Every structure is written in C-alpha cells, then in structure tokens.
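Working notes for the structure below.
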Amino acid sequence: MSHITGKSAYESLEQRINRFPQGAPHSETLHKILKMLISEKDAALVAMLPIKPFTVKTASKIWKMNEVLTQKILEELSKNAILLDMDNKGVQQYVLPPPMLGFFEFSLMRTRGNFDQKLLSELYYQYLNVEEDFIKDLFLSTETKLGRVLVQEPVLSNNNAVEIMDFERASHVLKTAADISVSMCYCRHKMQHLDKNCDAPLDTCITFGNVANSLSKYGYGRKIDVSEGMEILHRSYQYNLVQCAENVRVDSSFLCNCCGCCCEGMIAARKFGMLHPVQTTGFIPKVAQDSCIACGKCVKACPIGAIELVNINETSQQNRKIAKINEEICLGCGICVRSCHKDSIFLKRRKEQIITPVNSVHRIVLMAIEKGQLQELIFDNKALASHRAMAAILSTILKLPPIKRAMASKQMKSVYLEKLISKLYN
C-alpha cells in the first residue's frame, strides 16, 4: 500500500463511499472527518472493499494478504465502528455501512477517549448543518426515502387503529425484532459538544438485527429486551420525540426518537419540508374549528414548525384564531394530537397511497436506480467481461434522458426487482 499516501488514500475512500446510493459529497471538511475516524493505511484498505457484505477470504484476496492478518484488521475496523461485522447463517461477514445511519453516527454513539469528540462534532456540524450538500444528497436526491416517520400510537382513535398497518407501528417494529440494542443519540450528543442540545434523553437510539449485534459487541450499544424498548418508546412520547424508522416494511435496522432541534431528519424537514426529506406517516392531522381555542400548544409541540395560528372569519364577523396545519410539510407524527387538551386535533388517513419498500435491500436498490447507480450494486467487482458489458448497458440506460430513464426504472421496479433482489442477496 506504499504507493497510496496522504490525501489520495482518503480520496479513494471517498470514491468508495460514493459507489453506494447514500454517498458523501466532496468537501475538505469530509476529508478532515475521515482523517479523524480512520488512519491513512486503513483508509486505503477500506477503499478497496466491496459494496455488498464480504468474508475474510474475500478481503484477503482483494488486499493480497493472508487471512489471519486480514481478520485482525477487519476486527480492528469493527471495534472502531468503521465496519459492521455480522453472522449470516453461520458465516462471518463484514460490511462498510454508509456515513449516515452508519459510521458517522456510530462514532458518537458512546463517549470515547481515542479522539477529540468535540472537534469531531464541530466538523460534523460544519459538514451537515452549514455546508448542507451532504444533507441535501441524503434526504432529497431520491424519490425513495431513507427513513420514515411512525405515528404516535397512543393518539390513534379506534378508526385509526383499524386503518394502520402493523409495519407502521413502532411497537410492532420492536416486538418483531430478533435483536435490539440501545445507544446514545448521535444527534443530541453532537449538539451537546456544541452547547446546542435540548433536554431530551440521550439513550434513545435503537438498532436491530446485525447492526444491534455489532454495535453492542464493541460497546457502542447495549442489548435490551422488548419491554425496555417499549419503556424507551413511551419515555420518548413524553418528550414529544418523533419516531423515525428505516423506510421498509420488514426488518428495520433502526428506530430513532428524534427532537426537532438536534436531529438531522427533523432539521431537514424544517428547512426543506415541501421536498419531503423524510417519508411521512399514512396519516394527516385535522383541526376541529369549532372547538379549537388557539392555545398554541400544538404550535410549540410540532417538531418541524408545520402549525401556525391564523385568523378566521365567523358569521358574527368577529375574528378569532385557530390552529392551521401546513399539510404540504406535515409528517403526520401525531404529536400535535397528543398536545391538544381540547381534543380539537384528530388524525385522518391520507388520500394518497404511500409505497414502502419491502426490506433494506429493496430500498437500497430503488435508491440506486433513482441515482443511476444500480450497476454498482449488481456488478460489485466488475471482474468478468460479461459483467463489464452488462454494467455498461445498465449505465447507458441510466444515462438516458429523464423520461426514458423513468420508464426503464419503472419497468425494473415493477417487473422483476423483487426477484432480482432475492437471487442476488439471499
């Protein structure tokens, strides 16, 4: 690896990160972040790794080193939360997660002494909240969203409870998870170092499955059972935190409890609400004008500022105020319903149908199609001539004018996408 030095190693790592649908736009700040998280030598090695999960044997062939040394390096990278290690039907595998809901967040999911967490928090704030290119790419670059909001279940009426699907319930996500881990909230921990944090609890970031196992194994999370998960959920309700899960129907990898002031998804919703950076729930709140007294509690409670008090004209020609919800940006979380002591706000099912990807692979492939990167997923190593040819064909299709590309994407999604996923990843 001696030929890869300094900046070029981190540039290679940046290019590797950007082969995945969730990438990281170039910035000097990004390079500073990567240099804090990973050594130059390891950056060069990680830059060579496949997108899909891989074994020690695969990595040893790529790195051209023996398997004992390879495994040692992979374990060290996992201990530093750069890689996730997992058990796939008895086979040990590793994967490089994306930056967000990945190694950016993992770095602040516990207090650590091996680097300056305050400095790292300042760099994250600069890269995510000031420069904004990363946030725009993360939340606005694809039609399929990374995360989706879950409605607060205690506010559901009997009719709502009949209409809601199981996968739209945070309790169902918890109760059906094979493994559960809770970690420190990256967002509020970051803001804590900047003296910008709120008083919401920190231990509210929940992960599931292989992510939970890997994080808890190396001290970035703590294994919990369903009952403790439900306690965290109900405590989050009390703090008016928004439940955000992975935008999938089964096997969600995370369940975040987000505040409107610190958490990246909610900040994005405040700034770019009409562009829908986070998938909404299937519900929308409505205001009963005759009973609303314009107390303003819902305005204060809304995490993204989607409610205001406005004047209305009554038949008596006397003006009074009521709460008005901006349905173009409303997440449908139900916090406003919970905050209304007059029961003047209620939830109704949205008219438009919301399509939720089946699982993580389905979501990733859809996002790859929409970003023109499907060939990166299907032909990861591009080693064979036939693979190179097919990758070139796919690349050509994905570079067509928008209308034709949309037609191709629609056909791929509707005709064989789920079969393709099954063959490639199962």
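The angle between the Cα long axis of helix 360-371 and the longest principal axis of the Cα atoms of the chain comes to about 90 degrees, rounded to the nearest 10.
Mean separation of Cα pairs under 8 Å and 6 or more residues apart, divided by the residue count, gives the range 1-81 a relative contact order of 29 percent.
Here the simple spin-label model places points 7 Å from the Cα toward Cβ, and for ASN114 and HIS341 these points are separated by 5.1 nm. Of the Cα atoms belonging to the range 283-349, the radius of gyration and Dmax stand at 11.5, 35 Å.
Separation of the alpha carbons by more than 21 angstrom is noted, of LYS300/LYS342; LYS196/LYS271; LYS41/LYS136; LYS72/LYS223; LYS32/LYS223; LYS175/LYS223, for LYS41/LYS136; LYS72/LYS223; LYS32/LYS223. Among SER157, SER171, a tally of other beta-carbon atoms within 10 Å of each Cβ gives an order, fewest to most, of SER157, SER171. Fewest neighbouring Cβ atoms within 10 Å first, the residues GLU264, GLU67 line up as GLU67, GLU264. Here the spin labels are modelled as points 7 Å beyond Cα on the Cα-Cβ line, and at GLU231 and HIS31 they lie 4.8 nm apart.
Mind checking the full-extension length gain between ALA406 and ALA178? Use 0.36 nm per residue of separation minus the Cα-Cα distance, one decimal, nm. Present the calculation step by step, with values, prior to reporting the outcome.
Working: separation 228, 0.36 × 228 = 82.08 nm, distance 3.67 nm.
Additional length available on full extension: 78.4 nm.
Among SER227, SER183, the order by Cβ neighbours within 10 angstrom, fewest to most, reads SER227, SER183.
Over the chain, what is the mean sequence separation of C-alpha contacts under 8 Å (at least six apart), divided by residue count, expressed as relative contact order in percent? Before the final figure, lay out the partial values.
Details: 695 pairs, mean separation 63.2, N = 426.
Normalised by residue count, the contact order of the chain is 15 percent.
Can you give me the angle between helix 6-17 and the longest principal axis of the chain, using Cα atoms only, in degrees from 0 to 90, rounded to the nearest 10? It is inclined by approximately 60 degrees.
Which whole-number percent gives the relative contact order of the range 283-349, counting Cα pairs below 8 Å spaced six or more residues apart? It would help to have the intermediate numbers written out before the result.
Numbers: 114 pairs, mean separation 31.6, N = 67.
Across the range 283-349, relative contact order equals 47 percent.
Taking Cα atoms only, the orientation of helix 67-79 departs from the longest principal axis of the chain by about 20 degrees. Between GLU131 and SER291, the distance separating the two model label sites (each 7 Å from Cα on the Cα→Cβ line) works out to 5.0 nm. So what is log10(I(q)/I(0)) for the chain at q = 0.09 1/Å, when the Debye sum runs over its Cα atoms only? The calculated log intensity ratios at q = 0.09 Å⁻¹ are -0.59.
Here, each number is a calculation from the coordinates, and none is a lab measurement. Note that this is a predicted model, so its numbers are computed, not measured. With ideal geometry, Cβ positions are generated from the backbone for all residues, glycine too; neighbour counts draw on all protein chains shown.
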